[in-house]
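S.K.: This structure is in structure tokens; I'll ask about it shortly.
The values are calculated or read from the model by the stated rules, or taken from the named source; none is laboratory data. Keep in mind that what you see is a predicted model, and the values were worked out from it rather than measured. Cβ coordinates were reconstructed from backbone atoms using ideal geometry, including for glycine residues, and neighbour counts include every protein chain displayed.
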Amino acid sequence: MKPYLLRLTMVVLMAPASVLAASLQALLVGEYRPLRAAEAEQISEGFEASLLARLGTVLDSEVTLVDATNQTDLRIGALESGVIYYGSEVAALTSSEGGLFEWTDLAGEAFCVTTGSPHASVVADRFGGIARRYPSAAQALIGLKLGECQAVVDDRLLLEEIARLPEWRRYNRLLPALTDSELALRIETADTALQRRVERTVLEWREDGQLADLTQHWVDEVAFQAYVLADTLDCH
């Protein structure tokens, strides 16, 4: 064997399994992206990308998000089956002074909501509210401060955290969560063995708090981006 071929063979044999493992492609299903912090957030950024990157380390495979509809290894998002990685009831945040008291107060009124959110149709159909859509959760929150809507409608998981922040003390009244309209986002794959590994991993993360920590990181990121936007507005 020629020296350079021998050297290449030794490098390949010595490489860690994670380097040699085939990469996996994941497809985002549905338009809604929970905890979307910024309008310019790319497909390779954000909550789902972070979740899949962490999953890839467990599977010893790089997981790449794609936006094509061709054959992919994993599907993540609004699915009917698969392991749940994120779930929350619908909630609404309104002004603490002169804001809404009941969901029915939204009849004929505008509410701020993230583009693609399934909550928009729930609130519009059930209470007669008028959806005003924003590219990110942070921008929807700022829409409330700007008076562009009477309430911001989003996941309870996010809005409860926002309501606790001192900079939201004038907008910290929460309407009761709609427990019968809970959102559930899932991960699934057609590969039975891979699905078992994914399910086991996500369940372990839920038990040891890793999933909650990752989710909290993106809740905090939305809150930070909203703070930055509000500060920018105050400077003008």
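S.K.: List the pairs whose first member sits in segment 114-134 and is on the phi > 0 side of the Ramachandran plot and at pLDDT below 95, whose second member is surrounded by 17 or more Cβ atoms within 10 Å (Cβ to Cβ) and of a type in the set (Phe, Trp, Tyr), and whose Cβ atoms are under 6 Å apart, counting only residues at least 6 apart or on separate chains?
M.R.: Every condition considered, the pairs that remain are Gly116/Tyr32.
S.K.: A further question follows. Just to verify a result, which residue in segment 187-203, among those that are among the aliphatic types (A, V, I, L, M) and free of Cβ contacts under 8 Å to residues at least 24 places away in the same chain, is surrounded by the most Cβ atoms within 10 Å (Cβ to Cβ)?
M.R.: Ala190
S.K.: Filter segment 53-83 down to the residues that are touching a Gly at 6+ places or on another chain (Cβ under 7 Å) and among the aliphatic types (A, V, I, L, M), then identify the one that is nearest to Val198 (Cα to Cα).
M.R.: So the residue we want is Val63.
S.K.: Does Tyr85 fit the bill of being part of a loop (DSSP other than H, G, I, E, B), surrounded by 15 or more Cβ atoms within 10 Å (Cβ to Cβ), out of contact with any Phe, Trp or Tyr (no Cβ under 8 Å at 6 or more places or on another chain) and at pLDDT 85 or above?
M.R.: no
S.K.: Just give me the residues in segment 158-205 being in a helix (DSSP H, G or I), among the hydrophobic types (A, V, I, L, M, F, W, C) and more than 21 Å from the chain's Cα centre (by Cα), in sequence order.
M.R.: Matches in segment 158-205: Trp168, Ala193, Leu194.
S.K.: Mind listing just one residue for me: the one in segment 59-81 that is of a type in the set (S, T, N, Q) and surrounded by fewer than 16 Cβ atoms within 10 Å (Cβ to Cβ) and, of those, modelled with the highest pLDDT?
M.R.: Once the filter is applied, the top-ranked residue is Ser81.
S.K.: Could you check Val222 against (1) buried (at least 16 other Cβ atoms within 10 Å of the Cβ); (2) not in a helix (DSSP H, G or I) and say which number it fails?
M.R.: Failing condition for Val222: (2).
S.K.: So which residues in segment 136-157 are within 13 Å of the chain's Cα centre (by Cα) and part of a loop (DSSP other than H, G, I, E, B), if there are any at all?
M.R.: If the condition is that a residue be within 13 Å of the chain's Cα centre (by Cα) and part of a loop (DSSP other than H, G, I, E, B), then Ser136 is the only one that fits.
S.K.: Can you pull out the residues in segment 84-131 that are among the acidic types (Asp, Glu) and closer than 30 Å to Glu199 by Cβ?
M.R.: Result: Glu89, single match.
S.K.: Of all residues being surrounded by fewer than 21 Cβ atoms within 10 Å (Cβ to Cβ) and of a type in the set (Val, Ile, Thr) in segment 129-179, which is farthest from Glu221 (Cα to Cα)? Just the residue, please.
M.R.: Among those residues, the one meeting the criterion is Ile130.
S.K.: Within segment 44-58, restricting attention to residues that are surrounded by fewer than 16 Cβ atoms within 10 Å (Cβ to Cβ) and over 17 Å from Tyr86 (Cβ atoms), which residue is modelled with the lowest pLDDT?
M.R.: Step by step, filter segment 44-58, then rank; the result is Ser44.
S.K.: Only one of these is outside any helix (DSSP H, G or I) and either among the acidic types (Asp, Glu) or within 22 Å of the chain's Cα centre (by Cα) (or both): Phe101, Phe111. Name it.
M.R.: Phe111
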